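Before any comments, here is the structure.
What follows is calculated from the coordinates using simple rules that are stated; it is not laboratory data. It should be emphasised that the depicted structure is a prediction, and the values quoted were computed from it without experimental measurement. Cβ atoms come from the backbone with ideal geometry, glycine included; neighbour counts cover every protein chain shown.
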Amino acid sequence: MQNQTVAFSKNSSNLFFHILTKCNLSCSHCYINKKQHGDRTLSIETIRDWLGLFSQKAAQTNLVLLGGEPTLHPDLHLAVKEAGHLKFKSITIDTNGFLFHDILEKIIPDDLDFLSFSLDGATQDTNDLIRGKGSYDAVFSGIQKAREKGFSCSMIYTVSDKNIHELDQMPTLVKKLGIDRFFIQVIGMRGESSKSRALQVSKDLWLKTIPEIAEKIADQGIIVTYPKVFLSNDDQFQCAANVAKNYFVFPNGRVYQCPICEDFPLHSHEIRDNKLVAMPQINEMDLFKLDIPEGCVMNKMIQPGNLAYEKDGRPRHKIACCMLKQELIP
Ligand code: SF4
Ligand code: SF4
């Protein structure tokens, strides 16, 4: 099994394209913040135009279509086809499992690299408490339908103090479901989850649980990715925004390069009249340049409770860039 940190590369790019913010669920940790990102649903013409803005480097760019719930968009299938024409490196749809508008009837497995389902508990009780009634069943039936049609499926499990205790049931469950990739996410302090620090798990619990479970899932023949989160003081820190190109595009036209900035009007670009326009200072790019002993600047600004210090004032650990991932390939 390969167990490696995925280094940032200037030749790689990720485009997270929120085509709407509407959703049928209201998860307790939802990252959507309508005050900052609006409630617009982009027309298919606008989606095509905006994809075009990022198409120069399409061959190096992994595209994730998300929302809100992207399958609530009646023209999602046309967005997927357009991304295929533009030859993005990979195309993924992130879904909560409800698969509205018969999306699986309108695209074929060759159109898509992954259909990625969010599940936040191994049991119905835990998942539905976090994500809403019916969401557990929707994910199970959605994966079954997608697999019957030949789609590759992945799963995202967002770890919080509400569901970390069920992670040890996931190796068996994901094997049964026939998932190809498994992503563990750390609960981000944005959107709804920014209202409660209690959801975050401690460093000790994270380090005691996540690497071990990730290995057990990879032992089932599944590729597993999880965020590094904590770096030792000897580890080299890098801010992804200074090295790679990651874009988080919202339907009100805001374009961020750091997901932790999304709750603030700190976006570095905005799409205006179908053009990508750089924002004046001060914006997130001014923060990426700061070199601090704690690692991630945004973490220090909005989640200082994650940090611990020695008596002489040195941080006990650095916080990694939230985009830094550990990947286990069976
Ligand atoms: S499914 Fe996604 S967009 Fe919808 S409420 Fe849950 S986290 Fe938010
Ligand atoms: S999470 Fe921190 S390190 Fe990563 S891009 Fe944002 S500011 Fe940079």
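Considering only beta bridges that DSSP places wholly inside the chain, some 40 percent are antiparallel.
With the cut-off at 18 Å, report for the stretch 126-235 the share of all Cα pairs above it, as a whole percent. Roughly 54 percent, once rounded to a whole number.
Grab the other residues whose beta carbon is less than 13 angstrom from that of Trp50, score K and R as +1, D and E as -1, and report the net. Computed value for this residue: 0. Note on the chain: Cα convex hull, mean projected area over all directions, 16.0 nm². A straight Cα-to-Cα reach below 20 Å connects Lys89 with the lysines Lys10, Lys57, Lys81, Lys245, Lys325, residues fewer than 8 places away in its own chain not being considered. Look at where the Cα atoms of the stretch 88-143 and of the stretch 311-330 average out, and the two centres are 30 Å apart. Amide H to amide H, with H built 1.01 Å from N, Met155 comes under 5 Å of Phe117, Arg181, Phe182, Phe183, counting only residues 5 or more places away or on other chains.
The per residue volume of the convex hull around the alpha-carbon atoms of the stretch 227-330 is 131 Å³. Residues whose amide H comes within less than 5 Å of that of Lys22, counting only those at least five positions distant or on another chain, are Glu69 (H built at 1.01 Å from N in the peptide plane).
The equivalent ellipsoid that matches the C-alpha gyration tensor of the stretch 1-152 spans semi-axes of 25, 19, 17 angstrom, in descending order. Note on Lys176: aspartates and glutamates with a C-alpha under 15 Å away, same-chain residues under 8 apart excluded, are Asp137, Glu148, Asp168, Asp219.
In plain terms, if you count all Cα to Cα distances in the stretch 1-75 and split them into 10 Å steps from zero, the share in each step is 16, 39, 29, 15, 1 percent. Note on Lys311: aspartates and glutamates with a C-alpha under 16 Å away, same-chain residues under 8 apart excluded, are Glu294. Taking N as the residue count of the stretch 156-308, its C-alpha radius of gyration divided by 2.2 N^0.38 Å amounts to 1.18.
Here the peptides 243-251, 55-63, 144-152, 112-120 are ranked by packing, the mean other Cβ count within 10 Å, and the order with the highest first is 112-120, 243-251, 55-63, 144-152. Taking one quarter of the surface of the C-alpha convex hull of the stretch 73-138 gives a mean projected area of 4.9 nm².
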